[in-house]
Amino acid sequence: MRVVLCGYYGMGNGGDEALLAALLQMLPAHAVPVVLSGNPAETAERYQVEAYSRQSLSGLWAAFKGAQAFVWGGGSLMQDATSAANPVYYGGLMLLAQMMGLKTVAWAQGIGPLKRGWTRHLTRKTLLQCTGVTLRDRASAAQAANWRVRAWLAPDPVWALASKPVEGLADFPAPRVAVALRSHPWLTASRLSQLGEALANFQTATSTSIWLVPFQASKDLPVAEAIQPYLKGPNQILSVSNPKQLKGIFRGVEMAIAMRLHALIMAAAEGCRCFALSYDPKVTYVAEDLDIPGWEMAPTTAATDADFALASWPETVAQMTQTLLRQYADGLPASPDQIQSRVDRALMHQELLNQFLVNS
């Protein structure tokens, strides 16, 4: 079965590459993956798959030719918070696949935010017509239920992604702390300076090595480079493109301070204590699920449990430093049972693929 995989692939985002790696890991043996990618040559080489340009009509034509199924890869594809072009692109391809009579799967999706009526209508229409739907958070599941879309709810598939060690990292001085930040309008120069000073104080107090881990170079590397001069102890910017090795970074880490969703998931899955910097509801949902402390960058909490809320951003460097030190000293990682439970449930995404991507 020729299966077209559609997501934010080949765009230099480690989280989306991890979703693609997990999807390829979970596809049934009879499925032949065809990936729509922003960098098809790199995608083909890295994963040993057929890949075509996601941005050209000729690439789309070649990908769909002879296809029998179409899969929206994981992530929040149908959202209009960053651009209304996202629902047009992803929704348009899903509708095309459905009109062509392909089996269609919305896989490991997070629905929204959807601020416009027409994007909500388009998302509902495409989901209702899908052969199968899996979702990765309770808020998306609630929205799907409101739309009367039948869907499976399971943790993000990256929980179940196999990790690989990165050669040479074991020689870096322990204990180690990983920091995964991204650019964001709320993370102004003054707040970034405050965080840099707090991390410097934290490092001095704990004698830790700090790894700055950019998940998407275009958005994260400038932030890492802005933070690095504050650090006086051992530190390094780790740019890793292989998603399994990206997850493997967190194997030897005592604590992760994560703004990136998949940094938080990878760190928790690899058994290190975590601290969340939430810029988006999807980050808060994971923090809520595992009772991970952190700071909310938005004025209101996105948590779905009234008893759970991330703290507001600290006013002073001293407050920030003390909070990080407290989590380092007293915080607990997810237990082996918690991790295994999420890994097992994440494999529900694989079960759906096996159930719906069957030969006609």
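Positive end of the dipole of the range 2-153 (Cβ unit charges, origin at the Cα centre): among 147, 3, 21, the Cα lying farthest that way belongs to 147.
Shape of the range 31-103 from its Cα gyration tensor (a ≥ b ≥ c, root eigenvalues): rounded if a/c is under 1.5, otherwise prolate when a/b > b/c, or oblate? Oblate is the answer for the range 31-103, as a/c is 1.5 or above yet b/c matches or exceeds a/b. Counted residue by residue at 0.36 nm each, then reduced by the alpha carbon distance between them, the extension gain from residue 318 to residue 354 reaches 7.8 nm. Rounded, prolate or oblate, given the Cα gyration tensor of the range 104-197, with a/c below 1.5 counting as rounded? Oblate. Going by a ≥ b ≥ c, the root eigenvalues of the Cα gyration tensor, does the range 237-297 fall in the rounded group (a/c under 1.5), the prolate group (a/b larger than b/c) or the oblate group? Taking the square roots of the gyration eigenvalues as a ≥ b ≥ c, the range 237-297 is prolate. Scalar couplings 3J(HN,Hα) for the range 49-59, obtained by applying the Karplus form with A = 6.51, B = -1.76, C = 1.60 to θ = phi - 60°, are 10, 7, 9, 9, 5, 6, 10, 10, 5, 5, x Hz; x denotes Gly and Pro.
Assuming charge only on the beta carbon of Lys and Arg (+1) and of Asp and Glu (-1), the dipole of the range 2-153 about its Cα centre is about 680 debye to the nearest 20. Give the angle, between 0 and 90 degrees and rounded to the nearest 10, that separates the Cα long axis of helix 117-128 from the longest principal axis of the Cα atoms of the chain. Tilt relative to the chain: about 60 degrees.
The relative contact order of the range 143-247 comes to 32 percent, based on Cα pairs under 8 Å that sit 6 or more residues apart. May I ask for the angle, rounded to the nearest 10°, between helix 14-26 and the longest principal axis of the chain, with both axes built from Cα atoms and the value confined to 0 to 90°? The angle comes out at about 50 degrees. One chain, two ends: residue 340 and residue 219. Fully extended at 0.36 nm per residue, the span grows by 40.4 nm beyond their Cα-Cα distance. For the pair residue 50 and residue 89, label points projected 7 Å from Cα toward Cβ lie 2.3 nm apart.
Evaluated with a Cβ-only charge set (Lys, Arg +1; Asp, Glu -1), the chain carries a dipole of roughly 1080 debye about its Cα centre, given to the nearest 20.
For residue 178, what is the net charge nearby, where nearby means another residue's Cβ is under 13 Å from its Cβ and Lys, Arg count +1, Asp, Glu -1?
Summing Lys and Arg as +1 and Asp and Glu as -1 gives +2.
Both radii were evaluated on the Cα set of the range 169-336; the Rg over Rh quotient, with Rh as the Kirkwood radius, amounts to 0.92.
Against the main long axis of the alpha-carbon atoms of the chain, helix 336-346 sits at an angle near 20°. Computed packing ranks the peptides 149-156, 243-250 as 243-250, 149-156, most packed first, by mean other Cβ atoms within 10 Å.
Any read-out appearing in this document is the output of simple, stated calculations on the displayed coordinates, not a laboratory observation. Source: prediction; values computed, not measured. Because the Cβ atoms are built from the backbone with ideal geometry, glycine has one as well, and the counts that use them run over all protein chains shown.
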